[in-house]
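Notes for the one structure printed next.
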Amino acid sequence: MKKTIASFFISCCVLIQLHAQDQKMNSFINALMSKMTIDEKIGQLNLITPGSDIPTGSVVSSNVEKKIAEGNVGGLFGVIGTEKVKQAQDIAIQKSRLKIPLLFGSDVIHGHKTTFPIPLGISCSWDTALIRFGASVAANEATADGLNWAFSPMVDIARDPRWGRVSEGSGEDPFLGSAIATAMVKGYQGNSLADKNTLLACVKHFALYGAAEGGRDYNSVDMTKMKMYNEYLPPYKAAVDAGVATIMSSFNDIDGVPASGNKWLLTDLLRSQWGFKGMVVSDYTSVGEMVNHRQGDISQVSAQAIKAGLDMDMVTEGFLGTLKKSLQEKKVSISDIDRACRLVLEAKYKLGLFEDPYRYIDPSRAAKEVLSESNRAVARKIARESFVLLKSDYKTLPLKKTTSVALVGPLANDKNNMLGTWAVSGDPQKSIPVLDGMKNVAGAGLKIQYAKGANITDDPNLARQANVFGLRVDIDKRSPDEMLQEALSIAKNADVVIAVVGEASEMSGEAASRSDITLPASEQKLLKALYTTGKPVVVVIMSGRPLVLTGSIEGATAVLQTWHAGIEAGNAIADVLFGDVNPSGKLTMSFPYSVGQIPVYYSQKRTGRPIDPNNKFSTKYLDAPNEALFPFGYGLSYTKFVYSDLKLSSNTLIKGQIIEAEVTLTNNGPFDGAEVVQLYTLDQVRSVTPPEKELKGFQKVILKSGESKKIKFTLSEPMLRFYNADLKYISEPGAFTVMVGGNSKELLLKDIILK
Ligand code: NOJ
């Protein structure tokens, strides 16, 4: 009782304090806005980029300095490093009439200069504490480098691996996606935005960007509201609930209206239903692109966007160029402009920029924090947690440090592709390739020979497109056959072959959709030739997406999926290959059996004609299975985990009460290891057709060799809720199946009744 009163008292004090802070902020901003002209208010809504080494879109803003001095800019992105940031902030503070500081944003997507693995890889750790910590390290480094706004996390549910941007998100599942969204927002924003090592997070791309038709980037999206609410919106909502400060609207349309001008999305859902209080920024030129969406001319679409609830216009400069006239013509109101301006100013206020516009510009901090040894150690740790062992003969791996290795493949001694897509501040030359990593980790006892063996691709058209930001696909001067013979000759003299193949970093990411996601033919040829040597072949796959591996890995003794693993890629891969770390990643996106199966994801619904090999008229392909090659949640270990004895504390779940599910997990193999234990449910009868399985919980558990542990999950009625046909979030009494296991396919089952 005493405890309850005490915590009630503390909550009241916190609320009073927050209210006082809000009041202070409001009076500051009221006073400032009372001095602002219409032009200055509209200027705050303008986010532009002077361009950087790696452009993130095709339009680059002009006359940036003049615009800042005239009060026509609210923030910049693509300006990296304290020196450049200071130059720009100086103009705002010394030359603009009201001296309003600028925001400095950047695509801090997987780390800043210390590049972590691509987000899809990070998600495969299923370790939300580590993910949160990683985001806080990225925030610390980015703020030390002058930034105060990260365009991350990207939480778009993605079920079509042809879409290149699956690399940037957390895969196919809304429950896991929500947990990761929460972790990242909390990691970036910390306890207070006013701290010097935290920054504004920006959840994106609101909304449904991952559902582009055919997996083709920027394509239309069309889905029912019920699917949105149940499957696609939860991670954005989780980010809002976690207090995310900003949101980026997406390029696609939703229900026929582009997201950046969609009032239902940006106001009715986001602000009225979800209670979002922060600022909404458009994606790169997405306001202007509404013209292409056939929504009207630039002044019409700009007016539509601000009225819909968009606050800041990234790069189009449609707000800057047209809103004043639209105001005079009464097409927008002063309250629309005031709302947007206030939200931009509030973001700056919360960062503490009005107290000190230079608070994130501290070269001594930059020198200490950027690319520090400790940040690199975090990158290495995250990387080795993100790898997924797809196949193992349980003999070849882990390797002995004294073994003789033929290291082969176009990605085996390659710095250019380790960072992966969206590493705008990363320097590929600072990354560790696998060859160096293996030498570093194994030391002098290792006998290692290297041969490139093949080009990433021999296709000059694909190579040209992958090389837009610098050399990624280096087509060798030697003929493919010459390279292959070299690889085969070193393979013949080795105990084991390690073949490192996959995609170049820019073969995934934005504007990098592919219709054929098998391994490139050049690499397939290399692998098949290596299999004929009779040596054990370990295939290490670097990619930004799940690839179709059918036909490429059958001859391998082991397959390790490493994604693009970041600045410490080579060291982390070697840590795992030599067994210093036992792999424990689990897939967060299904690996299709074939391209024609896409989309394939674990939570599909049962049809009226479930698959039956003996019934022609059942749902199936004539030439491929229905199931993924490797399902969601799947991943092996050097050790073997066995699940047994699923027990429930009761077969009946009563609203307001809980039941416990308990399973015994045993490490039956020779190594210590970590396992992600997963809980799924199925609603056996539902007013609207349910997914066959829905993830409802997970725990990452560490077990010593030979150890057994009882793992417990709590089940409660709210976990069984869903949005029904009236978009009401309810549960329906009746029978459910509870499933526990190490992936979405191999599960122990028990039934319960919800009363
Ligand atoms: C376009 C991308 O869609 C978005 O994710 C990114 O944050 C912006 N460009 C800025 O670079």
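What follows draws every value from the coordinates through simple rules; no lab data is involved. What you are looking at is a predicted structure, and each value in this text was computed from that prediction instead of being measured. Backbone-built Cβ (ideal geometry, glycine too); neighbour counts: all protein chains shown.
Observations, loosely collected:
- Diffusion coefficient of the stretch 105-366 by Stokes-Einstein, Kirkwood radius over Cα pairs, 25 °C, 0.890 mPa s: 133 µm²/s.
- Order by protection proxy (mean Cβ within 10 Å, highest first), peptides 527-533, 100-106: 100-106, 527-533
- DSSP-defined beta bridges in the stretch 105-366 - what % are antiparallel, rounded to 5: 20
- Sequence-separation-based contact order of the stretch 641-754, relative, with Cα cut under 8 Å and 6+ spacing, percent: 33
- Using the Cβ-Cβ distance between GLN21 and ASP195 with R0 = 22 Å, the FRET efficiency computed as 1/(1 + (r/R0)^6) comes to roughly 0.90.
- FRET E, pair GLN429, LYS477, Förster distance 25 Å, beta-carbon r, rounded to 0.05: 0.70
- Of all DSSP beta bridges in the chain, antiparallel share, percent nearest 5: 55
- Relative contact order [Cα under 8 Å, 6+ residues apart], the chain, whole percent: 13
- Cα-based convex hull, the stretch 280-352, per residue volume (Å³, whole number): 80
- The stretch 20-112: Rg to Rh, with Rh as the Kirkwood radius over Cα pairs: 1.02
- Relative contact order of the stretch 371-591, defined on C-alpha pairs under 8 angstrom at six or more residues apart (%): 35
- When the alpha carbon coordinates of the stretch 209-314 are projected onto the principal axes, the ranges are 36, 31, 19 Å, largest first.
- Considering only THR56, ILE80, PHE116, the residue lying farthest towards the positive end of the dipole of the stretch 52-117 is ILE80, judged by Cα position with unit charges set on Cβ.
- Placing a label point 7 Å from the Cα of GLU65 along the Cα-to-Cβ direction, the residues of the stretch 101-133 with a backbone N closer than 18 Å are 102.
- Peptides 512-525, 231-244 ordered by average Cβ neighbours within 10 Å, highest first: 231-244, 512-525
- The stretch 360-419: C-alpha gyration tensor shape, a/c 1.5 cut-off, then a/b vs b/c: prolate
- Based on the reciprocal of the average 1/r between different C-alpha atoms, the Kirkwood radius for the stretch 641-754 equals 14.9 Å.
- Per-peptide packing, taken as the mean over residues of other Cβ atoms within 10 Å, places 184-191, 461-468, 387-394 in the sequence 184-191, 387-394, 461-468 from highest down.
- Compared with the direct C-alpha span, the chain from ASN615 to ASP580 gains 7.6 nm at full extension, assuming 0.36 nm per residue.
- Calculated on C-alpha atoms, the gyration radius of the stretch 78-166 divided by its Kirkwood radius gives an Rg/Rh of 1.10.
- Dipole check for the stretch 36-117: with +1 at the C-beta of Lys and Arg, -1 at the C-beta of Asp and Glu, and the Cα centre as origin, the magnitude is about 180 Debye.
- If the Kirkwood radius is taken over C-alpha pairs of the stretch 41-189, then at 10 °C and 1.306 mPa s the Stokes-Einstein diffusion coefficient equals 96 µm²/s.
- Largest-first principal axis extents of the Cα set of the chain (Å): 78, 68, 57
- Dipole of the chain, positive end: most advanced residue of SER637, GLY321, PHE617 [Cβ charges, Cα centre]: SER637
- Per residue, the convex hull spanned by the Cα atoms of the stretch 467-625 measures out at 167 cubic angstrom.
- Point-to-point label distance, PHE133-ALA377, nm (Cα→Cβ direction, 7 Å offset): 1.1
- Cα-based shape type of the stretch 371-591, given that a ≥ b ≥ c are square roots of the gyration tensor eigenvalues and the cut on a/c is 1.5: rounded
- Sites matching trypsin sites (Lys or Arg not before Pro) across the stretch 266-359 that sit in DSSP coil, with at most 14 neighbouring C-beta atoms within 10 Å: LYS277, ARG294, LYS330
- Distance between the 7 Å Cα→Cβ label points at ILE730 and ASN30: 4.5 nm.
- Distance (nanometres) between label positions extended 7 Å along Cα→Cβ at THR37 and GLN699: 6.4
- The alpha-carbon positions of the stretch 558-705 define a convex hull whose volume is 190 Å³ per residue.
- Where Rh is the Kirkwood radius over Cα pairs, Rg/Rh for the stretch 122-163: 1.07
- Set of lysines with alpha-carbon distance to LYS324 below 27 Å, sequence-local pairs under 8 removed: LYS35, LYS41, LYS66, LYS67, LYS95, LYS99, LYS263, LYS277, LYS307, LYS348
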